[in-house]
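One structure below.
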Amino acid sequence: MPDPILQVSGLTVEYAMERGAVRAVDDVSFDLDPGEFIGVVGESGCGKSTLLFAIAQLLAPPAEITGGSVTFQGRSMVGLTDAQLASVRWKDLSVVMQSAMNALNPVKSIGAQFKDAMRAHGVTSKAEIGDRSAEVLRMVGIDPVHLKSYPHQLSGGMRQRSMIAMAMLFTPDLVIMDEPTSALDVVAQRSLMVQIKDLQQRLGFAVIFVTHDMSLVSHFSDRLMVMYAGQMAELDAFPSIRGPRLPLTGIPGAPPDLARPPAGCRFAPRCPQVMDECLTTPPDLYLVGPVQVRCLLHSPTHGPTHKPTQNLRNGTSAPGSPADSVSSGAAGGAAGSVATDEGGSHE
Ligand SMILES: Nc1ncnc2c1ncn2[C@@H]1O[C@H](COP(=O)(O)OP(=O)(O)O)[C@@H](O)[C@H]1O
Ligand code: SF4
Ligand SMILES: [Mg+2]
């Protein structure tokens with residue numbers, strides 16, 4: 001096993017609001033291996049973007065990391081100076097945002113923006129900048145003639161692909177993507193997804209891919225993390241066994257107010273399998289075979305062989321239980337609430 005490229009441990013982020021602290025990310029822990037593709041799914045407002053921003057150290061007040069750690073390539077990301085962060089960003093770690101229209105500078109050509117990024121990292125040779133800019137655009141299927149184009153002259157899909165090309169300028173080891181396809185129509189989403197996966201397999205970088213649409217990402221991910229109300233609700237180690245066990249239909253209702261989350265299970269108000277205990281006891285993460293599930297149906301007092309864990313790497317070696325035993329819990333748990341485009345999500 002190689003060392004993980006990223007270790008997130010107990011990460012907690014709060015927005016300081018007048019009505020009280022909104023804990024948008026609550027004690028999230030996971031590791032990412034080099035070259036691994038993890039999909040992060042969850043309804044709108046569950047803390048996905050906040051988690052990514054915390055990992056990339058892009059948070060701004062009123063958001064603050066109030067607990068936990070982020071270790072990237074063996075060094076802590078929390079507390080790095082702006083200069084230290086600037087040297088990591090783009091080179092070792094790139095971030096692709098939901099809307100290229102917001103991320104790209106509207107008054108500069110694509111080529112000029114690539115040039116700025118390369119110059120910021122000490123590349124001054126005109127030829128090198130030109131060659132590399134053309135190369136990354138070609139990688140995402142765009143004719144390099146568009147280096148001269150301004151963002152508004154490109155289609156939505158081309159803008160997103162330009163952003164991904166820019167993220168590839170230095171062939172980073174980790175690319176963090178926040179709903180990079182969600183502004184596109186279904187067909188364009190799929191083709192961009194295929195392209196991202198192809199790039200990842202060719203270049204070998206690790207990916208954290210956030211989306212509210214589980215059906216989009218499940219086939220492309222090595223693992224899938226489901227977030228609900230700021231917490232990791234499920235972490236699936238082997239998507240190959242996933243099959244149809246996670247229902248992709250929307251479950252009625254909405255996630256709770258994160259300033260006042262329910263005392264017990266955060267999914268209880270919407271859960272078809274809710275028990276009395278769920279209203280008072282916050283579930284831990286429990287191992288069900290290779291999967292971690294935050295649901296009391298899988299606590300040792302309910303299930304025969306399951307034991308609580310916070311460590312997913314241990315998860316794979318735990319006594320296995322049949323994959324179909326996962327389905328009942330996951331179907332009843334918050335993971336089942338992940339919306340498809342037709343579901344309850346409102347982006
Ligand atoms: N700028 C902000 N100020 C205050 N609260 C915020 C801000 N951004 C997000 N939040 C809170 O954090 C929660 C998670 O938001 P976010 O991380 O954007 O979720 P997602 O990306 O899953 O849609 C929201 O429900 C909201 O309560
Ligand atoms: S998801 Fe599990 S713990 Fe939560 S309310 Fe449903 S049965 Fe209870
Ligand atoms: Mg978001």
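Some points to look at:
- Where a residue in segment 176-187 is under 9 Å from residue 99 (Cα atoms) and its partner, wherever it lies, is surrounded by fewer than 17 Cβ atoms within 10 Å (Cβ to Cβ), with Cβ under 7 Å and at least six apart: 182/347; 183/99; 183/156
- Among the residues of segment 297-306, none qualifies, meaning not one is within 11 Å of ligand 2 (Cβ to nearest atom) and modelled with pLDDT under 65.
- The condition (being among the aliphatic types (A, V, I, L, M), over 15 Å from the mean Cα position of the chain (by Cα) and within 16 Å of ligand 3 (Cβ to nearest atom)) is satisfied by just one residue among 16, 60, 24: 60.
- Condition met for residue 221 (away from ligand 3 (no atom under 16 Å from the Cβ), more than 30 Å from residue 128 (Cα to Cα), buried (at least 19 other Cβ atoms within 10 Å of the Cβ) and not hydrophobic (A, V, I, L, M, F, W, C)): yes
- Check on residue 122, under 28 Å from residue 40 (Cβ atoms) and small (Gly, Ala, Ser): no
- Screening the candidates 259, 254, 268 for the property of being of a type in the set (Gly, Ala, Ser) and within 12 Å of ligand 2 (Cβ to nearest atom) yields one hit, 268.
- Complete set of residues in segment 273-305 that are in a loop (DSSP other than H, G, I, E, B) and under 27 Å from the mean Cα position of the chain (by Cα): 282, 283, 284, 285, 289, 290, 294, 295, 299
- Residue that is nearest to residue 171 (Cα to Cα) [pool: residues in segment 27-45 that are within 16 Å of ligand 3 (Cβ to nearest atom) and touching a helix residue (DSSP H, G or I) at 6+ places or on another chain (Cβ under 9 Å)]: 39
The values are calculated or read from the model by the stated rules, or taken from the named source; none is laboratory data. Remember, predicted model here, so these are calculated numbers, not experimental data. Heads up, the Cβs are rebuilt from the backbone with ideal geometry, glycines too, and the neighbour counts pull from every protein chain shown.
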